[in-house]
1. Within the range A:80-110, find all residues whose amide N lies under 16 Å from a label point positioned 7 Å from the Cα of A:T68 along Cα-to-beta-carbon.
2. Between B:S301 and A:Q147, what's the calculated FRET efficiency when r is the beta-carbon distance and R0 is 30 Å? Round to 0.05.
3. Suppose R0 equals 22 Å; then what is the FRET efficiency for B:S173 and B:H261 from their Cβ-Cβ distance, rounded to the nearest 0.05?
4. If the elastic network links every pair of Cα atoms under 10 Å, which of A:T47, A:T34, A:T58 fluctuates the most in the Gaussian network model of chain A?
5. Give the share of C-alpha pairs in each 10 angstrom bin for the range A:3-194, from 0 to the last occupied bin, in whole percents, shortest bins first.
6. Report the label-to-label distance for A:A24 and B:A319 in nanometres (one decimal), using points 7 Å from each Cα along the Cα→Cβ vector.
7. How many times 2.2 N^0.38 Å is the alpha carbon radius of gyration of the protein assembly as shown?
8. To the nearest 0.05, what FRET efficiency results for A:L106 and A:T133 with a Förster distance of 45 Å applied to their C-beta separation?
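Only the coordinates and a few stated rules stand behind these numbers; no lab work does. In this text the structure is predicted, and so the values were computed from the model without any measurement. Note that each Cβ is placed from the backbone with ideal geometry, even for glycine, and that neighbours are counted across all protein chains shown.
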Amino acid sequence: MHARPALPKVIKSVVFVAALVPAAALVARALKGTLGVNPAETLQLQTGIWALRFLLLTLAVTPLRRVTGWHRVIQYRRMLGLFAFFYATAHFLTYLVLDQFFAFDLMVKDVVKRPFITAGMVAFLLMIPLALTSTRGWIRRLGRRWQALHRLIYLSGIAAAVHFVWKVKVAMGEPVYYAAILAVLLAARVWWWRSRRQRATSPRPATT
Amino acid sequence: MLIRKPGEIPPSEITDERLYVRRREFMRLAGAAAVATAAAPLVACGSEAATEAPAPGGPVEQSPLAGYKPRVVTTDEKLNTFQEITGYNNFYEFGLDKDDPQRYAGRMKTSPWTVKIDGLCNKPADYHLEDLIRPHALEERIYRLRCVEAWSMVVPWIGIPLGEVIKRAEPASKATFVEFTTLLRPSEMPGQQTDALQWPYKEGLRMDEAMHPLTILAVGLYGKTLMNQNGAPIRLVVPWKYGFKSIKSIVRIRFADRQPHTAWNDANPGEYGFYSNVNPEVDHPRWSQATERRIPGYFKSHRTLAFNGYGDQVASLYAGMDLRKYY
């Protein structure tokens, strides 16, 4: 590995702090009592939305890199992914504590019975192995299998978007926009895979 | 149900003081028939905009209601504050978010307001709002409001029994249902420019539900006329049903011999039934209805009661009915 210059380290710290701002803002609003008329709902909605936003940001890294040729953006991907997991965990805790009040038996029943909750739980559970294997040691240990494992993020993203769209009474607005962004990010990958396969099979390189 | 003596809770304890102050900016029609004042602030709201400079479409000020019978029906539960009741609403005509109605409902003009009563009855008529209300005595009804989304509030409504209005119209004996329609005016109701629901919003009750003494047409809360986001100038309140049954800003009441179409039932019949009685035993397909979050609490720890706690009064309406089937 090449030695990293100092500037990206500073940028990384800035991104790290910026990623904590939404969480800090929620805590501050909770302490001041300005989370709105239904504070529990605000906490649940905001942690969920930020989990989804960071998930989409994580998924945007590779397309951004390919489109702009800014290869160093890859070094922020792990952090973005871990923040997605951080907000998803907070979101799960609002469900466990505020909605179910630690009634694990009722929670399990709820998860099994309701597809909208099931989708959210699938999205969250799929993130756990990814977070656990995000360390340098695990990347080395798993080798090529690491990349295969981390493709689970596509499923997690789809489950998260479905969860959000199903949650609302009318499928309109924000949930649909996020689903559309996800669709674009995944479609870009499908398109690249297909064109790579075509290049591999066809004798002529694609013209531009 | 507790019938309380008036005066147990001084109004200053339950009403936001800032509103008392702001009220002075408006015409006070002292001693006038209560609902004659309903339209008054709308004349003044233009000048209000100049002094307070609220966002366009912001809140329209209310006027005080006088001479209502306090606490005709009440509860010993804590009332939700005026800010909670007026700042957290489902009124999709103004947007999907809970604070959209507060932001945008001010655009809706509620004066003049006409309610058409027609269908199967002897005395169909178009009523000016005041003429519809004036013959009846206003009553305060402190009801629990249980939203289908599993949150709840306690609201001090002021209104008149719907049954009395219905009797005046002399419905035909074959009129077994009542249909209600909300104002359709996309220019003032931005949500109606989207297809979130089929507009205008419609709701319906069986005749016996409509005639039940707990069912009211509300014109105010907390001693004043309704804010637009709460369904001004006149709305239905059926306390034993999920909130969406209590249709807002009503322009038409029609008597029918068939079960009318209703907005949410049309939009998603598997999730929202025609009856939609509060029932902890029948879950919404996407969430449990066994518990609720009493605003502004953090925990969804409040047990939901059958018929929202009004079972003693209304359960007999559904004797012999399978409430799982007729949800």
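1. A:80
2. Numbers: r = 45 Å, r/R0 = 1.49.
FRET efficiency, B:S301 to A:Q147: 0.10.
3. On the way: r = 23 Å, r/R0 = 1.04.
The computed FRET efficiency comes out at 0.45.
4. The residue that fluctuates most here is A:T34.
5. The distribution over the range A:3-194 is 8, 32, 37, 19, 5, 0, given as percents.
6. 6.5
7. Values: Rg = 27.4 Å, N = 535, 2.2 N^0.38 = 23.9 Å.
In units of the 2.2 N^0.38 Å rule of thumb, it is 1.14.
8. On the way: r = 31 Å, r/R0 = 0.70.
So the FRET efficiency works out to roughly 0.90.
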